[in-house]
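Before any comments, here is the structure.
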Amino acid sequence: MNAMKQILSDDFPRNRWLGLILVAIFFGLAFAPFITSGARPLNTAATICVYIVLVASYDLLLGYTGIVSFAHTMFFGIGAYGIGLALASGTPSWGLAAVGMLAALLVTLVLALIVGLFALRVRAIFYAMITLAVASSFAVLASQLSDFTGGEDGKTFSVPALLSPAYRLFEAEIFGRVVDGKVITYYIVFISCALLFLFLLRVVNSPFGRVLQAIRENDFRAEALGYRTVYYRILANCIAALVAAMAGALMALWLRYVGPKTMLSFEVMTDILLIVVIGGMGTMYGAVVGATLFILAQNYLKSLMAVASSSLADVPLLASALHPDRWMLWLGVLFVVSIYFFPVGIVGKLRGSGKRD
Amino acid sequence: MMAGEAMSAAPSLCTRELSIRFGGHVAVNQVTADFYPGTLTVIVGPNGAGKTTYFNLISGQLPASAGSVHLFGVDITAKGAAERTRRGIGRAFQLTNLFPNLSVMENVRLAVQSRAGLGLNIFSLWSSHASLLKRAEHYLDKVALADRRSDKVSALSHGDKRKLEVAILLALEPEIMMFDEPTAGMSVDEVPVVLDLIHQVKAERKKTILLVEHKMDVVRSLADRIIVLHNGALVADGEPVSVMASAIVQEAYLGVAPETREEQHV
Amino acid sequence: MTDTVLDNTAKPEVASLPTAPRDIWPLILVPALALLMLPLVGSFPTWITLTVAGLAMGMMIFIMASGLTLIFGLMDVLNFGHGAFVSVGAFVATLVLLPMHGWMEADSLLMNLAALGLAILLAMLATGLLGWAFERVIIMPVYGQHLKQILITMGGMIVAEQMINVIWGAEQIPLPLPTSLRGSILLGDAAIEKYRLIAVVVGLLVFIAMFLVLNRSKLGLLIRAGVENGEMVEALGYRIRRLFVLVFAAGSALAGLGGVMWGLYKESLTAAMGGDIMVMVFIVIIIGGLGSVGGCFIGALLMALVANYAGFLVPKLALVSNILLMIAVLLWRPTGLYTVVRR
Amino acid sequence: MSDTILTLAGVHTHIGEYHILQGVDMQVPRGGLSVLLGRNGAGKTTTLRTIMGLWKASKGKIHFDGRDITAMATPDIAQLGIAYVPESMAIFSDLTVKENLLLAARNGPLDNSRVEWICGFFPALKKFWNYPAGNLSGGQKQMVAIARAIVEPRKLILVDEPTKGLAPAIILSLMAAFNELKASDTTILLVEQNFNFVRKLGDTVAVMDDGRVVHTGGMQALAEDNDLQQHLLGLSLAAHQ
Amino acid sequence: QDLKIALIAGKTGALEAYAKETETGFMMGLEYLTGGKMEINGRKVKVIVKDDQGKPDLGRTMLAEAFGDDKADIAVGTTSSGSAVAMLPVAEEYKKVLIVEPAVADAITGEKWNRYIFRTSRNSTQDGLAGASTIKAGGSIAFLAQDYAFGRDGVKAAKDALGTVGAKAKVVHEEYAAQNTTDFTAAAQRIFDVLKDKPEPRILQIIWSGASPMNKLADMKPERFGITLAPGGNILPIMKNWKTYAGTQGAIYYYYDFPKNKINDWFVAEHNKRYKAPPDFFTAGGFAAASAVYTAISKAKSTDTEKLITAMEGMEFDTPKGKMNFRKEDHQAMQSMYHFKIKKDQKNEWDLLELVREIPASDLPVPLKNKR
Ligand SMILES: Nc1ncnc2c1ncn2[C@@H]1O[C@H](COP(=O)(O)OP(=O)(O)OP(=O)(O)O)[C@@H](O)[C@H]1O
Ligand SMILES: Nc1ncnc2c1ncn2[C@@H]1O[C@H](COP(=O)(O)OP(=O)(O)OP(=O)(O)O)[C@@H](O)[C@H]1O
Ligand SMILES: [Mg+2]
Ligand SMILES: [Mg+2]
């Protein structure tokens, strides 16, 4: 129990159902390669892992510090491009990957600092807008330097032999799945994500994390209590950015591809926002539940709708509204409805408006 | 400086020619005053005289337009609010100013934590710092809010919020304590709770206490010394009795002719 | 006008503090910029062309942005779904313009304008109603919570765009300009597109109308107060909810108007056309100072002009000119040209 | 019609899961100044908010001027002629003092003579006429809040702790103001902690505790009877003087 | 068992309209060629349609899914060049044939090419050559293109093309406008300023993906400087707005009224019947791809990849545009293009272009760019 307390930073689900769900998700992801078959489920699982971390890192900003930033995808992208461009630049090796990673983290840190110093003093809503502008211009930049970044098309690259699909760990299949580079990559992703998430969980439950919440509530008062809010904001900003960059790196490693649409587009940002809210702001676990639900929906909603629309083929407008190509429509509805019914997010709802100390 | 000889040693806090102007309007006008450990100074003056603003200048919520603030001989005029708090200037606000969605307990704990300088500690668990929790409890008891420990602050009644303000100030354990109308809107049977607290602190004769108060009975029961602000300027400073007697206070503040004043316990 | 009444209240014996003087610096920016550019551009006709085109473009952007800044300034609601209203406005216009292509292709300015006016009316009506519903269904639960507003309105936006696809199909819809508004007028070597002149007129009308309503009536006050403390405004006996929904509908209608203008300018409509320009619109209202109609106006003109001059002098910069402009302005005035709300 | 302008009969109010008012019964006679006393958290503010319709009574009836206002919307209640000075003052800090009053004057422009009359009590308002109310001092805000309630004649004024943060001199003029209002047959329901203040003003008094009215009667009676004060309010003026 | 064909397209997102056309064309193609039976070599054809939302990473996943999970025998796709480029290695991984349609990037049959890749759609170079061959006389040419990879490729291709077809015209200016440009005044001014005192004829060629700025430029009266516009062909809804610029010339990949063959006749008639509008060029592309698949499989009498590849190299197949063939070296489908002129008196809303001349494949000598 006490070990558990240390690992989960004494921040337990505090609700039976939530607990069950989380455990289920954990084991589901841990054994994904062997309880499923085929490319898509594994891909979905990997995406879920990465998004859990990405969203959790954003929750640190949004839910805990009350900073609305639209530049999170930028850092995600930097991480991804770091790995991608490095590996694309020569014969892929761990060395290159490491170099790319370090470079990315450095750039991230610098940018986060600059943005923070420049913008975190202005009013929250302005910060949101400024980051929006910065992020979009960064995306433009990425597609402009096409010789370097591959422009709009991005870059496909190959990974160290150990991770390439061709590699076989054992010849025999295990639970009907050959343990190839893909599976190995998956476990690298899974483990790193688990660690990063626990790290964030610790951060928000540290004295530091508590100050962040205070700042969110009433920064004027926090300042008067002797906390230099600007420092705290900037530090939070940097931590979030760095974790996001790592998530990006993992994503790139998994996809063996980097490009603006996947890493920098505003869509990614809205996905993050939505997941945070559905899951429940200011509750790290919200990221887990939210990301899982959302990514699953994104990947399987269409298949569902295909069924639905064919069964409703005779109802004209409804049928066309349920056509798989309209899945975005239902995603939008999901946006609205979820904020309607889970004002405090799923986790918040499950925990009930429980009193915090 | 009449009250001067009564006081020991060097002043803990001084303001020199301290002023601030908002556009054309001078809210605090060249106020020079010394405050000594172990004395409780009450600041009175009509509404809008500049009392709260004076506090804001001392605690760094507002930047001075002119003049300087010295804490234990160090010029802190250029320092920010947070820095000043860490150097020992504590402040309870006139208009209640708390963390509405955090629990009563957390509000106090944050103050204790700041005092302990643990803010930037990222890797430990907040709950692992039992000593902080104990101290927070202690201060909640002092203001008789312990039983509302885990309620959201937004659910407190006005009076309880006022008490929480005081608890937070105590929890910061500052050398300089500034109370801005701590008993405003507090019911008659609660007032003593807070006043007794202030009495206790005063009794230790260590802290420097500044108190803004409009209730004359309270002023009388607590003040070692009274400062009068009027239109931002310091117009009187000295022993309670004599200051209260002075004409300026009678007209500008109490708004009565001397003979009728006794029954003005308002 | 209430002001006048108040100003002749007997002057207080205590010298009353003066009101802050009007801040004119931002007003100077636009002409200053234009003149500054003249020598750089060199040829006068080119300069005229660029400047007039820029101003006109600015007006169109303003029309689209005004609704957003109005809604934010008065109700503190950040409507990321605003773009959807722009699109809807444009698409609704097609309901009139395509069937009436007879009138549109007729060679008489009157018929063209009539058709246009009708389209605009219908579009504003439709978006206004949509806005009303939007406020009731989507915004109501999230007053005062910026983040949730952002998200829920984004959701609304996606839904609206997708519905457009469901109703009108995903293909681009061509929306040709009316014949007599096509082409341009030549002043010497300077070419000025006729349609842009229309844009200028409409833009000015919108601006003046908004300015009057907000500064010459209790409305502005009331709503600003309502944002800060709706309960109290109700306790004073005003039905704040009704006001809010009205403002929101008005803002949406403006978006619809902008949509028609924009659609006719682009001449082909996609559901995403509104969303695509949102970033630009947001930059404008930030430059202007969130909530300030005047600021938004200046901001829009500035941005369009800068874009044109940059595009002519250093095309590479055109990509980021908006961002640069914004940063420059924010460095000068961290809350935009005009600060309306302290929130 | 009856000479009680406001009647609360067994009013219950819930806020979230909390059951705050637990059957409040109270009569407010027309044209007088009634005082509502009680320790912190007794439910005074909640009572006023319930009358204004800012909290909805979950049980019981509220009648004003013979009309049942229990279920009415706040604006409608206000338009019946009730003004409210909330505990938090709730002045509009983005607006100037002038604009604050302008809004309070529901029926068109300000009545200059009345403005003059008000500024007679609170000169500060004049001084800061065109000043953002948010920048005012605590007491000045309180003045604005009160001024807003009386800028136009109303039948009933609900005032929540007006003296808090007011300098003695201003409290005196506030007393004067209330007396003049009473003269112009305006009914006042006053929530107050400052007994010394209300003992001079009040006609009738009600004392609340734990969401109930535990005592009603004439102010005189209470003012004379120290034991009763002691027993009801834990009031001992000797304590700190 | 069933014969599985995967069709990947950007069915949602920015390119939705195009993707829909491709799909329609593809299905109509199969229907026509199999005589409605939807069978090839007696095997039932099953088309698995997948949506990559124009996102390269999804493109990869979808293709991997198609080959890996759905066990597709052959794949066709996709709308976005970026996504198509990202798919190429996947085809190689799974050793299955991928027919690229309608992505145009040269790289696909250039440096990014591998032996499993075939392409039915034309590539940028073919566009360029076609464009160039519409410019007979000398004179001066300026380009206006979007400032990103696609635009720059296009201009490069067009310039090379001018060389290849030996046009005497000189390229005097290249103008790159930001992708999100809405106001073309500045760009136009710059071009006019350069072009207006260069030798006639003065041609401004527009290379623009998506809604073309043709109108905006025309509205600024380039004719007063003796400048004529040369827009690339575009989708019908856009060209509809061009009727006021009758006489303007350019090159296009497909226009329903140009090819004269019985496939096209059926195609146009049927499409008009079903969708109340003539087929657009993405629809034709889809059809071509279907034909490539059909012909290949029936010729190889199997779906074994190696057999398919041998069958397809140099294979000739019928499309609404007439005959195409995959040339051996880079698997690019060689095909004719069309030199069009905007009609003056248009009979109905879709009667937009008139044919100046069909440019036979032989006039479009696409250089080989793939390493082999
Ligand atoms: N931020 C500000 N901007 C402009 N003027 C201000 C600001 N803060 C205070 N003032 C002005 O300075 C004067 C002093 O205000 P202050 O709050 O210090 O008065 P006070 O002595 O605390 O009065 P009270 O007893 O009512 O609290 C007031 O007239 C107020 O209008
Ligand atoms: N928003 C709220 N949510 C939950 N409980 C509340 C809320 N507001 C007040 N309460 C509770 O209702 C009770 C009565 O509050 P109320 O403010 O009416 O007391 P009061 O008599 O006005 O006290 P005070 O003299 O301090 O203003 C208090 O116990 C308070 O904790
Ligand atoms: Mg004060
Ligand atoms: Mg109260």
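The values are calculated or read from the model by the stated rules, or taken from the named source; none is laboratory data. Fair warning: this is a prediction, and the values are worked out from it, not measured in the lab. Don't worry about glycine lacking a Cβ; one is built from the backbone with ideal geometry, like all the others, and counts go over all protein chains shown.
Quick one: would you say B:LEU164 is over 25 Å from A:ASP10 (Cβ atoms), outside any loop (DSSP other than H, G, I, E, B), within 16 Å of ligand 4 (Cβ to nearest atom) and touching a helix residue (DSSP H, G or I) at 6+ places or on another chain (Cβ under 8 Å)? The answer is yes for B:LEU164.
Residues of the range D:168-202 that are within 16 Å of ligand 3 (Cβ to nearest atom) and without any contact (Cβ under 8 Å) to a residue 24 or more places away in the chain: D:PRO168, D:ALA169.
Given the criterion within 16 Å of ligand 4 (Cβ to nearest atom), under 24 Å from D:GLY81 (Cβ atoms) and either more than 7 Å from every other protein chain (Cβ to nearest Cβ) or out of contact with any Phe, Trp or Tyr (no Cβ under 9 Å at 6 or more places or on another chain) (or both), identify the matching residue among D:VAL159, D:VAL151.
On the way: D:VAL151 fails: within 16 Å of ligand 4 (Cβ to nearest atom).
Only one candidate qualifies: D:VAL159.
Among the residues of the range D:182-200, those identified as more than 16 Å from ligand 4 (Cβ to nearest atom) and more than 13 Å from the chain's Cα centre (by Cα) are D:LYS182, D:ALA183, D:SER184, D:ASP185, D:ASN196, D:ARG199, D:LYS200. On inspection, D:LEU80 fails the criterion of being of a type outside the set (Phe, Trp, Tyr), farther than 29 Å from B:GLY23 by Cβ and within 16 Å of ligand 2 (Cβ to nearest atom). Can you run down the residue pairs with Cβ atoms below 7 Å, 6 or more apart or on separate chains, where the first is in the range B:76-100 and within 13 Å of B:SER114 (Cβ to Cβ) and the partner is basic (Lys, Arg)? Cβ pairs passing all conditions: B:ALA82/A:ARG228; B:PHE99/A:ARG221.
Has the range B:129-149 got any residue that is of a type outside the set (A, V, I, L, M, F, W, C), within 16 Å of ligand 2 (Cβ to nearest atom), part of a loop (DSSP other than H, G, I, E, B) and more than 14 Å from chain D (Cβ to nearest Cβ)? Quick ask: steps written out before the conclusion?
So in the range B:129-149, the residues of a type outside the set (A, V, I, L, M, F, W, C) come out as B:129, B:131, B:134-135, B:137-139, B:141-142, B:147-149.
So of that shortlist, the ones also within 16 Å of ligand 2 (Cβ to nearest atom) come out as B:147-149.
In the following step, the residues that additionally are part of a loop (DSSP other than H, G, I, E, B) were identified as B:149.
So of that shortlist, the ones also more than 14 Å from chain D (Cβ to nearest Cβ) come out as B:149.
Scanning the range B:129-149 turns up at least one residue that is of a type outside the set (A, V, I, L, M, F, W, C), within 16 Å of ligand 2 (Cβ to nearest atom), part of a loop (DSSP other than H, G, I, E, B) and more than 14 Å from chain D (Cβ to nearest Cβ).
Looking only at the range C:283-326, count how many residues are away from chain E (no Cβ under 14 Å), in a helix (DSSP H, G or I) and either over 27 Å from E:ARG190 (Cα atoms) or of a type in the set (D, E, K, R) (or both). Residues in the range C:283-326 being away from chain E (no Cβ under 14 Å), in a helix (DSSP H, G or I) and either over 27 Å from E:ARG190 (Cα atoms) or of a type in the set (D, E, K, R) (or both): 9 in total.
On the given criteria, is D:GLY165 under 24 Å from B:MET216 (Cβ atoms), within 16 Å of ligand 3 (Cβ to nearest atom) and at pLDDT below 90? Break it down into steps so the answer makes sense when it comes.
Numbers: under 24 Å from B:MET216 (Cβ atoms): yes; within 16 Å of ligand 3 (Cβ to nearest atom): yes; at pLDDT below 90: yes.
Yes: the conditions hold for D:GLY165.
Inside the range C:168-197, can you point out the residues that are free of Cβ contacts under 8 Å to residues at least 24 places away in the same chain, within 14 Å of chain A (Cβ to nearest Cβ) and not acidic (Asp, Glu)? Give the derivation first.
So the first thing to find is which residues in the range C:168-197 are free of Cβ contacts under 8 Å to residues at least 24 places away in the same chain, and the list is C:169, C:171, C:182-186, C:194.
Applying the additional criterion that residues be within 14 Å of chain A (Cβ to nearest Cβ) yields C:169, C:171.
Within the range C:168-197, just C:GLY169 meets the criteria.
Only one of these is β-branched (Val, Ile, Thr), more than 22 Å from E:GLY42 (Cα to Cα) and out of contact with any strand residue (DSSP E or B) (no Cβ under 6 Å at 6 or more places or on another chain): E:THR283, E:THR303, E:THR310. Name it.
Numbers: E:THR303 fails: more than 22 Å from E:GLY42 (Cα to Cα); E:THR310 fails: more than 22 Å from E:GLY42 (Cα to Cα).
Just a single option satisfies the conditions, and that option is E:THR283.
Scanning the range D:1-47 for residues that are part of a loop (DSSP other than H, G, I, E, B) and among the aliphatic types (A, V, I, L, M), we see that the one that is nearest to the chain's Cα centre (by Cα) is D:ALA42.
Taken as a whole, the condition of being touching a strand residue (DSSP E or B) at 6+ places or on another chain (Cβ under 8 Å), among the small types (Gly, Ala, Ser) and outside any loop (DSSP other than H, G, I, E, B) applies to E:ALA19. Taking the range E:27-119 as the region of interest, the strands (runs of 3 or more DSSP E) fully inside it that hold 1 or more residues being among the charged types (D, E, K, R) and touching a residue at least 40 places away in the same chain (Cβ under 8 Å) are E:43-51, E:117-119.
Of all helices (runs of 4 or more DSSP H) completely enclosed by the range B:50-126, which ones contain at least 2 residues that are within 16 Å of ligand 1 (Cβ to nearest atom) and either closer than 19 Å to A:ASN218 by Cβ or over 18 Å from the mean Cα position of the chain (by Cα) (or both)?
Values: elements: B:51-59, B:81-86, B:104-116.
Filter on the range B:50-126 gives B:51-59.
Of all residues in the range D:168-224, those satisfying the criterion of being assigned to a loop (DSSP other than H, G, I, E, B) and either away from ligand 2 (no atom under 16 Å from the Cβ) or small (Gly, Ala, Ser) (or both) are D:SER184, D:ASP185, D:THR186, D:GLY202, D:ASP203, D:GLY211.
Any chance the range B:149-156 includes a residue that's surrounded by 22 or more Cβ atoms within 10 Å (Cβ to Cβ), of a type in the set (D, E, K, R) and more than 28 Å from B:VAL69 (Cα to Cα)? No: zero hits. A count restricted to the range B:27-65 and to residues that are away from ligand 3 (no atom under 16 Å from the Cβ), β-branched (Val, Ile, Thr) and over 12 Å from B:LEU234 (Cα atoms) stands at 1. Restricting C:LEU254, C:LEU204, C:LEU221, C:LEU212 to residues that are in a helix (DSSP H, G or I) and within 8 Å of chain D (Cβ to nearest Cβ) narrows the list to C:LEU221.
Per-residue answers, yes or no, for (1) more than 21 Å from A:ALA39 (Cβ to Cβ); (2) modelled with pLDDT under 75; (3) not basic (Lys, Arg):
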residue	(1), (2), (3)
A:PHE294	no, no, yes
A:ALA297	no, no, yes
A:LYS302	no, no, no
A:MET305	yes, no, yes
A:LEU312	yes, yes, yes
A:ARG326	yes, no, no
A:VAL333	yes, no, yes
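Checking the range D:133-140 against the condition returns no match, with no residue being part of a helix (DSSP H, G or I), polar (S, T, N, Q), touching a residue at least 24 places away in the same chain (Cβ under 8 Å) and buried (at least 22 other Cβ atoms within 10 Å of the Cβ).
For D:ILE150, the test of being buried (at least 18 other Cβ atoms within 10 Å of the Cβ) and away from ligand 1 (no atom under 16 Å from the Cβ) is passed.
What about E:LEU204, is it in a helix (DSSP H, G or I) and surrounded by 23 or more Cβ atoms within 10 Å (Cβ to Cβ)? For E:LEU204, the condition - in a helix (DSSP H, G or I) and surrounded by 23 or more Cβ atoms within 10 Å (Cβ to Cβ) - is not met. Of all residues in the range D:80-128, those satisfying the criterion of being within 16 Å of ligand 3 (Cβ to nearest atom) and of a type in the set (Phe, Trp, Tyr) are D:PHE122, D:PHE128. Only a single criterion out of (1) more than 14 Å from chain D (Cβ to nearest Cβ); (2) surrounded by fewer than 24 Cβ atoms within 10 Å (Cβ to Cβ); (3) closer than 22 Å to A:ASP11 by Cα is not satisfied by B:GLY67, namely (3).
When the criteria are applied in full, A:ALA222 fails the requirement of being away from chain B (no Cβ under 14 Å) and either in a helix (DSSP H, G or I) or without any contact (Cβ under 8 Å) to a residue 60 or more places away in the chain (or both). Here B:VAL193, B:VAL243 are screened, and the one residue that is touching a residue at least 12 places away in the same chain (Cβ under 8 Å), more than 9 Å from chain D (Cβ to nearest Cβ) and within 16 Å of ligand 2 (Cβ to nearest atom) is B:VAL193. Can you work out which of the residues in the range B:85-113 that are of a type in the set (D, E, K, R) and closer than 22 Å to A:PHE208 by Cβ is farthest from ligand 4 (Cβ to nearest atom)? Among them, the one singled out is B:ARG87.
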